1. From the cross-link list K271/K321; K271/K295; K51/K160; K232/K316; K278/K321; K24/K51, which pairs have alpha carbons spaced over 30 Å apart?
2. Could you please report the charge total around A164, scoring K, R as +1 and D, E as -1 over all other residues with beta-carbon less than 13 angstrom from its beta-carbon?
3. Tell me the net charge near E304. Cut-off is 11 Å between Cβ atoms, E304 excluded, with +1 for each Lys or Arg and -1 for each Asp or Glu.
4. Using 0.36 nm times the number of residues separating Y234 and S323, minus their current alpha carbon distance, what extension gain do you get?
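Bear in mind these aren't lab numbers, they're just calculated from the coordinates by the rules spelled out. What you see is a predicted model; the values in this text were computed from it and never measured. Using ideal geometry, Cβ is built from the backbone for each residue, glycine included, and neighbour counts are taken over all protein chains shown.
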Amino acid sequence: MEIAKEFCDLKIYPQAEQIKQIQKCLELSRNVIRELDKCQLNTNADTVILKKSREIAQRFFNRSNHHLNRLALNTVIGSLCQYRFNCKALACTEEPQQLGFSADFIANFGLCCLFTKESGEALLLNNLLMLPILGTVPIDCPWDHCFNKITFMFIYRLGKSYRARIYSNWPFEKPQKQEDSWLGLNFGKHKLLFLSNGSSFSYYHLLDDRKKQNQQFKRLDAFMYYNEIFQKLYQPTLNGLIILRSQIPTGVPTSVSLFERYHFLIFLLEKANSVGLKVRIASKFPMAGKNDFEKAQSIRHAPESQEINDIEKIIKFLRHKLSDTSRNEKATQFVLNF
């Protein structure tokens with residue numbers, strides 16, 4: 001016990017079959033303490049306690065005809081270790097940090113102990129405990145700490161509920177949240193833009209608001225809206241943008257949405273270039289359903305993408321395509337209305 005640095009205490013929800021196994025261990029640990037009480041140890045000498053503990057452990061091992069399962073064997077050893085630890089703690093001249101369960105607690109309520117973890121076994125995974133013998137046990141709420149190394153674990157009852165106390169010989173650490181330093185951009189028909197961070201921006205809603213107010217939608221309004229979008233997506237931690245190659249327009253715009261995408265892309269790339277944001281072009285991406293936000297996430301994690309070294313070249317290309325708009329009668333009408 002003295003090697004434990006920290007512990008956490010979690011409320012758990014074992015199922016019926018798991019409760020049966022835990023209850024057997026709780027009773028087993030109480031029997032262990034009764035056996036120790038029979039010895040009437042009048043000393044806190046560690047060598048005496050260790051000798052008696054070994055005798056009692058062998059006694060329980062023999063009684064079961066050597067058929068104690070892993071959980072029961074751990075409970076016998078764990079209960080004896082708790083007793084020994086508390087005796088050593090009481091013998092200290094300085095007040096020790098109480099990390100264990102007292103003999104009185106075990107005698108009254110019992111203790112289920114898990115000491116060993118085989119290779120490949122997980123003790124804690126998000127909102128589940130995956131335990132040897134017992135299997136998967138839900139916990140009260142997702143645990144946001146990382147366990148570098150589990151030293152041992154105990155299960156005990158508190159009223160009608162069950163709790164798990166987990167000790168580690170390394171300090172618990174909260175995982176570092178990884179900022180999404182890149183943003184995936186997905187252009188939609190009904191909305192101008194969907195981002196992999198869950199944001200979306202609607203050009204058509206902006207048009208509708210102007211129509212309801214009987215106001216003329218001017219080009220300045222659009223660029224103010226573009227700037228508003230950029231201010232919301234731009235963060236100091238942002239590394240760059242990822243755009244799907246097939247969503248970069250190459251033809252003459254013949255619809256309001258395509259015309260809008262041209263102007264917005266030019267604005268966005270110019271702003272990105274001015275603040276030093278990188279731009280990557282994704283050629284292929286694993287399609288994740290039909291949800292626009294899922295598409296944005298897929299673009300963000302596209303396995304094949306290429307960084308654009310010359311952003312101004314793309315800007316010039318888009319401007320050139322827009323200049324061809326005047327040669328298209330239908331598209332010209334969109335420009336005039338815009």
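1. K51/K160
2. Once all neighbours under 13 Å are counted, the net charge is +2.
3. Overall, the nearby charge balance is +3.
4. My answer for the length gained is 29.1 nm.
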